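Okay, so here's the structure we're looking at.
The values are calculated or read from the model by the stated rules, or taken from the named source; none is laboratory data. Given the structure is predicted, the values throughout are model-derived calculations rather than measurements. Cβ placement follows ideal geometry from the backbone for every residue including glycine, while neighbour counts extend to all protein chains displayed.
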Amino acid sequence: YLSRKPKGNSSLYRISGIYRLILLCENSADLFFMNEYCVSLDSSVLKSAYTEEHGELLIKDNAVSVLGRAFSKEP
């Protein structure tokens, strides 16, 4: 993860005991989603806005990188 430059932006929220990861990519080709680890839900602007307003922000701006480093074997 240290050698990769993240494409897009991501934030992690907790709302009603459920974690929601909001991904913002300039190009949809930059996004690869692995459904075996989580469920892909509505990608609407309204759903994102609701989560941002009512959810508890856990990681701002670079959630994918932070989570990736936590589970990576890289130092």
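At-a-glance table
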| read-out | value |
| --- | --- |
| Residue list for segment 40-55, filter: modelled with pLDDT of 90 or more and over 14 Å from the mean Cα position of the chain (by Cα) | E53, H54 |
| Residue match in segment 12-34 (condition: at pLDDT 65 or above, among the hydroxyl-bearing types (S, T, Y), touching a helix residue (DSSP H, G or I) at 6+ places or on another chain (Cβ under 7 Å) and not in a loop (DSSP other than H, G, I, E, B)) | yes |
